[in-house]
2 protein chains.
Amino acid sequence: MAVTIKQVAAAAGVSRGTVDRVLHNRGGVKPDVEKHIRKTADKMGYFPNRAGKILAGRKQPLTIGYVLPSIGNLFFEDVKTGIHTAEREMKDFGVNITIKEVRGFDVKDHIGAINAMMEENPSALCISSIDLPEIRKCVNKIVKKGTPVVAINNDLSNTKRLCYVGSDYIVSGRTAAGLMLLCRSRKKENVLIATGSLNVKGHNERIQGFNEVFRERNVQYHLEDLFETQDDNEIAYFKAKKMLESHPDVDWVYITAAGVQGVCRAIEERTQGKEIRVICFDTNQYVRDYVERGIIDYVICQEPKEQGYQSVKKLFDYFVDGAKGHVDDYITKAVIKINENMNFT
Amino acid sequence: MAVTIKQVAAAAGVSRGTVDRVLHNRGGVKPDVEKHIRKTADKMGYFPNRAGKILAGRKQPLTIGYVLPSIGNLFFEDVKTGIHTAEREMKDFGVNITIKEVRGFDVKDHIGAINAMMEENPSALCISSIDLPEIRKCVNKIVKKGTPVVAINNDLSNTKRLCYVGSDYIVSGRTAAGLMLLCRSRKKENVLIATGSLNVKGHNERIQGFNEVFRERNVQYHLEDLFETQDDNEIAYFKAKKMLESHPDVDWVYITAAGVQGVCRAIEERTQGKEIRVICFDTNQYVRDYVERGIIDYVICQEPKEQGYQSVKKLFDYFVDGAKGHVDDYITKAVIKINENMNFT
DNA sequence: GTGAAAGCGCTAACAC
DNA sequence: GTGTTAGCGCTTTCAC
């Protein structure tokens, strides 16, 4: 049986209250007594019991405020599912969650939503935003004031955020290249790249990782063209349509972000040209449908549910275990989905 | 704030003890009082608080006994890692774990280990064994005596086991076929199948799923030959060597079970013949090395760590939430690994 | 500065 | 049959 605070107190010849004061650095204890208590606690291998902590801590529940650009973005449905699974599991442990949803990636909207969230005085913040100076500044201010912030799905570089929970975009880009090369056509493939925005780091990293692998393997592909979908299916559709008309020799379409349905619609409507292979990222009902119909060959996913779940868990552990020190990032896997393993979890 | 047992007692005009008796069907309560209590509890939306339960339940910790055929089987290293992660997380909630390790799949050895485990009177059992009548009988007996049993990695059909935590072997076999077909060579591929044993259900299902996909898609492959590795690398090596000599036209080697290193060694040592593609299951340090060197193209994994972790969690939840009713299986994903996404979680 | 005590929600032993 | 009470291990308040 593990050693309790009571046993430490008894062994040190003081009361539980005093031990607690020392262990939580709450001061008001004579230095020599403190040293003595610390020593005996260490010697006995004392480690606070989480069940006890949680129960006692129920008086001040842990509220986590989320800000997500999830309106009109199916990707975040799974993230939210993960968040709510965690909420259900940890509700009895004092975890409460509020989500503020935003449409798109307008900096002002994001800052507005974050500030609105902060009005509610959450114990912690968890956001998926854009890696720009304004947001970074905003986040750093919040952290400085004492509210820990977790970055989910999109990291915020050089901020004091507690940790990042999300995918490694370079690795997912590399994986796309790997899949393509494993098809071993042995000819120079004509690739059309549909990216979300050249201003979004993650999208660029997916291209960077992709190129890295070709370079490392000394294989070349021919870049037919590259266009931005702005994560919008309509824009994606019209641009892709034009692109495919002017580039009849495309072998592969590599879609690094949203707008997948738009691109696929354009591919499906084509009346001539070679057979086209498609690699994209992240599933939803429409993407799954295109995979089933053989339009999309590979989808590289990033465990969205896990991102939601783990972001809650990270914060819960952080608070329960005493909000001390460094917290590791949680990097989700690059999960390859094809028709055969897509619908069976 | 959630409603507590105290509030229910007050509302029903009885003591907490009585409410507890009713809620746990421990009898000794007048029928009409019981009905009244149940009704008020329902009306108030009472749900027992897990934190309170866990703390109170610490007096009788939950001990889970594992029996795993893990000696000399690298696959189970990750399973054990997952088990120990869960143990660490839930130790403070009263979870204790003991593992008995066995070498191989001898029925008598397994029964012996299970009985030895039962000697220690665990609160629950978790085993990875063979789906044979003797084992099934043994498990059913244990369940009947009141100890819940979870089947991990290998299901035990038609037993009263609480649930199964592991992969869907059909789906993983289908995934192998899907990957092969995505390479679209457009010719009839010559396939050599290296299976573990024709007596092991999971191995057969991986072949069955593989064949299903070809049939459904109206594509044929040519089965060059099929041999059993007995999950042994030496046997695998010698048999594969011979097979490859007598079948110089093999395009793909499909390895459904262990013995991967043996087969790969034979492939690597070949001095003539066409380039061979390899699909296998489950990683370990040696398999990863073969992937890096380009001998193995695809590895289909089954989240072994998750299997370990979730098996503990299933039992923990079952006990905390009152050991009532049905528990869902936990089916792990068929995770495709290639060189580029293998080493990054 | 330090000790004592109440209470988080639940279970189980003991009274009546 | 039913109520009371003593913990589980911890935090926090209040008293000295």
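The values are calculated or read from the model by the stated rules, or taken from the named source; none is laboratory data. Since the model is a prediction, treat every value here as computed from it, not as a measurement. FYI the Cβ positions are ideal-geometry reconstructions off the backbone, even for glycines, and counts take in every protein chain you see. All accessible areas refer to the heavy atoms of the entire protein, side chains included, with ligands and DNA or RNA removed. Shrake-Rupley method; radii C 1.70, N 1.55, O 1.52, S 1.80 Å.
Within region A:82-107, the set of residues being in contact with a strand residue (DSSP E or B) (Cβ under 6 Å, 6 or more places away or on another chain) and within 14 Å of chain B (Cβ to nearest Cβ) comprises A:Glu87, A:Gly94, A:Val95, A:Asn96. Residues in region B:248-284 that are over 24 Å from B:Val200 (Cβ atoms) and not charged (D, E, K, R): B:Pro248, B:Thr271, B:Gln272, B:Gly273, B:Ile276.
Against the list (1) open to solvent by less than 20 Å² (accessible area, probe 1.4 Å); (2) modelled with pLDDT under 95, the condition A:Asp297 fails is (2). Condition check for A:Val29 on (1) part of a helix (DSSP H, G or I); (2) within 9 Å of DNA strand C (Cβ to nearest atom); (3) open to solvent by less than 70 Å² (accessible area, probe 1.4 Å): one failure, at (1).
Kindly indicate whether A:Asp231 is surrounded by fewer than 17 Cβ atoms within 10 Å (Cβ to Cβ), of a type in the set (Asp, Glu) and touching a residue at least 24 places away in the same chain (Cβ under 8 Å).
On the way: surrounded by fewer than 17 Cβ atoms within 10 Å (Cβ to Cβ): no; of a type in the set (Asp, Glu): yes; touching a residue at least 24 places away in the same chain (Cβ under 8 Å): yes.
Criteria not met by A:Asp231.
For region A:307-330, what are the residues that are facing another protein chain (nearest Cβ under 10 Å) and either surrounded by fewer than 19 Cβ atoms within 10 Å (Cβ to Cβ) or within 15 Å of A:Ile54 (Cα to Cα) (or both)?
Initially, region A:307-330 is screened for residues facing another protein chain (nearest Cβ under 10 Å), giving A:313, A:317, A:320, A:330.
Residues satisfying the conditions are A:Lys313, A:Asp317, A:Val320.
The criterion of at least 1 residues that are farther than 30 Å from B:Cys138 by Cβ is met by the following strands (runs of 3 or more DSSP E) wholly inside region B:161-248: B:190-195, B:222-228.
With respect to (1) surrounded by fewer than 21 Cβ atoms within 10 Å (Cβ to Cβ); (2) in contact (Cβ under 8 Å) with a residue 60 or more places away in the chain, the lone exception for B:Pro304 is condition (1). In region B:47-67, the qualifying residues are those that are more than 10 Å from chain A (Cβ to nearest Cβ) and touching a strand residue (DSSP E or B) at 6+ places or on another chain (Cβ under 6 Å), and the one that is most open to solvent (accessible area, probe 1.4 Å) is B:Thr63. Annotation: of all residues in region A:64-85 being under 15 Å from the mean Cα position of the chain (by Cα) and among the hydrophobic types (A, V, I, L, M, F, W, C), the one that is nearest to A:Gly104 (Cα to Cα) is A:Leu68. Given the condition more than 27 Å from the chain's Cα centre (by Cα), more than 8 Å from DNA strand C (Cβ to nearest atom) and among the β-branched types (Val, Ile, Thr), answer yes or no: does some residue in region B:38-58 qualify? Checked region B:38-58: at least one residue is more than 27 Å from the chain's Cα centre (by Cα), more than 8 Å from DNA strand C (Cβ to nearest atom) and among the β-branched types (Val, Ile, Thr). Taken over region B:22-81, the criterion of being near DNA strand D (Cβ under 9 Å from one of its atoms), among the small types (Gly, Ala, Ser) and at negative phi is satisfied by B:Ala51, B:Gly52, B:Ala56, B:Gly57.
Assess whether B:Thr81 counts as being assigned by the TED database to the domain that holds B:Gly13 and hydroxyl-bearing (Ser, Thr, Tyr).
Details: assigned by the TED database to the domain that holds B:Gly13: no; hydroxyl-bearing (Ser, Thr, Tyr): yes.
No.
Quick one: would you say B:Arg265 is open to solvent by 20 Å² or more (accessible area, probe 1.4 Å), touching a helix residue (DSSP H, G or I) at 6+ places or on another chain (Cβ under 7 Å) and in a helix (DSSP H, G or I)? Answer is yes for this residue. Might you check whether a residue that is touching a strand residue (DSSP E or B) at 6+ places or on another chain (Cβ under 6 Å), open to solvent by 30 Å² or more (accessible area, probe 1.4 Å), under 30 Å from A:Gln310 (Cα atoms) and small (Gly, Ala, Ser) occurs anywhere in region A:72-81? Yes, some residue in region A:72-81 is touching a strand residue (DSSP E or B) at 6+ places or on another chain (Cβ under 6 Å), open to solvent by 30 Å² or more (accessible area, probe 1.4 Å), under 30 Å from A:Gln310 (Cα atoms) and small (Gly, Ala, Ser). Taking first residues from region B:234-251 that are without any contact (Cβ under 8 Å) to a residue 60 or more places away in the chain and in the same structural domain as B:Leu223 (by the TED database) and partners that are surrounded by fewer than 20 Cβ atoms within 10 Å (Cβ to Cβ) and assigned to a loop (DSSP other than H, G, I, E, B), the Cβ contacts under 6 Å between residues at least 6 apart in sequence or on separate chains come to B:Leu244/B:Arg270; B:Pro248/B:Gly273. Looking only at residues in region A:169-207 that are open to solvent by 30 Å² or more (accessible area, probe 1.4 Å) and of a type in the set (S, T, N, Q), the one that is nearest to the other protein chains (Cβ to nearest Cβ) is A:Ser185. Residue pairs whose Cβ atoms lie under 7 Å apart, sitting 6 or more positions apart in sequence or on different chains, and linking a residue in region B:1-25 that is in a loop (DSSP other than H, G, I, E, B) to a partner that is within 10 Å of DNA strand C (Cβ to nearest atom) and open to solvent by 60 Å² or more (accessible area, probe 1.4 Å), are B:Ala2/B:Phe47.
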